[in-house]
Amino acid sequence: MDNGLVSVHINAQGLITSAIDLVTGREAMAPGQPGNLLQLHHDFPNKWDAWDIDAFYRNSVTDLRDLDSMSLTRDPDGSARVILRRSFSKSSLTQELVLSPGSRMLSISQQTQWHETEKFLKIAFPLDIRAEHSTAETQFGYLHRPTHVNTSWEAAKFETSMHRFVLIEEPGFGTALINDSSYGYDVTRDSSDSRVTTTVRLSLLRAPRFPDPFTDHGPQLHRYGLLIGADIASATEAGIAMNMTPRTVAGRHGFDPLVELSGAGVLLSSVKLAMDRSGDVVIRVYEALGRRASGVLRINAEVTEITTVSLLEDPLLDASRIEKTDARGNVHAVELTLGAFEIRTLRVRLKR
């Protein structure tokens, strides 16, 4: 599959053998190690069956390479779609791999009929990237975690969490794994013939017996994607797009949004009514890229007062009123300057 931005090669087993960023010519997949590889582990934690994952689960693994069928179709919008069907143990699954025009992400939708007991399902993407750390999104930013296991502290992080993406990168190139609901992952550093690669695996399903012996049995849907040639900004954008699908509502005419935000790295987290039922509007923004940023917040309504408040919407002692109105009079523009990962909550009093 090739859309002019990235090229993805899939072999007869439905595994990704190549994922090339056509702009730079850089190969993302590790040589001889295919991606989209489903792996099934035995899962017998020492305690707390449904809660714990113990490191020794890795001692037993089955690579799910057998394929029932594979087909290729092209959507009306020009997207290439590969449909894969697999059966294993007592379960089966269908994957749809989609590469859309103008997209750097190979999107994967997976429907699993899960009927396992004490098993752990993961999907692996070995990357030709020498990553000193992984970058996992958190609620308001991201967190670096080392990929080495030189200390007992790092070795204990054999399973970690993210929100919408985990980014694996080295200077000049990165690849991100985007997801909509599966937050567990693991990263390992591998080496052979003086080449260091990094494998990232997404945790998909478990099958504990206690307290419910039928935990997660039945149909399970996962959506994730491989973003080729990624950095923090593009991974953040792709994570938002996957988790917040645009919603279309029909009406008589269009209208301006209540709030508009511009500025690289400045994101809108929420727009809500104040908890005290005063009718005031609370707007929360944050800096997502880990650096100083500036932006402009536009409010398309008549406003009498804008103040900075705490996360609990309480007044701040050093909060100053912000009163900047453009020429139209009913649109207020607030200039924002944020530090790295700073969260800013504004309380807006509308004219009544």
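The values are calculated or read from the model by the stated rules, or taken from the named source; none is laboratory data. All values reported here derive from a predicted model rather than from experimental measurement. Ideal geometry is used to build each Cβ from the backbone, glycine not excepted, and the neighbour counts take in all protein chains shown. Protein only, heavy atoms only, side chains kept; ligands, DNA and RNA dropped before computing areas. Shrake-Rupley method; radii C 1.70, N 1.55, O 1.52, S 1.80 Å.
Taking the stated definitions as given, is SER89 more than 18 Å from LEU40 (Cβ to Cβ) and either touching a residue at least 40 places away in the same chain (Cβ under 8 Å) or open to solvent by 10 Å² or more (accessible area, probe 1.4 Å) (or both)? Against the criterion (more than 18 Å from LEU40 (Cβ to Cβ) and either touching a residue at least 40 places away in the same chain (Cβ under 8 Å) or open to solvent by 10 Å² or more (accessible area, probe 1.4 Å) (or both)), SER89 does not qualify.
Here the condition is being in a strand (DSSP E or B) and under 19 Å from the mean Cα position of the chain (by Cα); of LEU40, LEU97, LEU84, LEU72, it holds for LEU97 alone. Looking only at residues in the stretch 317-343 that are closer than 20 Å to ARG291 by Cα and loosely packed, with under 13 Cβ neighbours inside 10 Å, the one that is modelled with the lowest pLDDT is GLU335. Considering the stretch 144-166, the residues that are closer than 25 Å to LEU205 by Cβ and assigned to a strand (DSSP E or B) include one that is most open to solvent (accessible area, probe 1.4 Å), namely SER161.
Exactly one residue out of ALA250, ALA230, ALA235, ALA241 is open to solvent by 60 Å² or more (accessible area, probe 1.4 Å), of a type in the set (A, V, I, L, M, F, W, C) and either closer than 26 Å to SER269 by Cβ or modelled with pLDDT of 95 or more (or both): that is ALA241. Looking at LEU64, LEU5, just one residue is in contact with a strand residue (DSSP E or B) (Cβ under 6 Å, 6 or more places away or on another chain) and of a type outside the set (Asp, Glu), and that residue is LEU64.
When you scan the stretch 218-252, how many residues do you find that are touching an Asp or Glu at 6+ places or on another chain (Cβ under 8 Å) and part of a loop (DSSP other than H, G, I, E, B)? Total satisfying the criteria: 3.
Pairing each residue of the stretch 16-39 that is free of Cβ contacts under 8 Å to residues at least 60 places away in the same chain and over 21 Å from VAL61 (Cα atoms) with any residue that is of a type in the set (S, T, N, Q) and surrounded by fewer than 21 Cβ atoms within 10 Å (Cβ to Cβ), provided the two are 6+ apart or on different chains, yields C-beta distances under 6 Å for LEU22/SER7. Across the stretch 253-262, the number of residues qualifying as surrounded by 10 or more Cβ atoms within 10 Å (Cβ to Cβ) and assigned to a loop (DSSP other than H, G, I, E, B) comes to 3.
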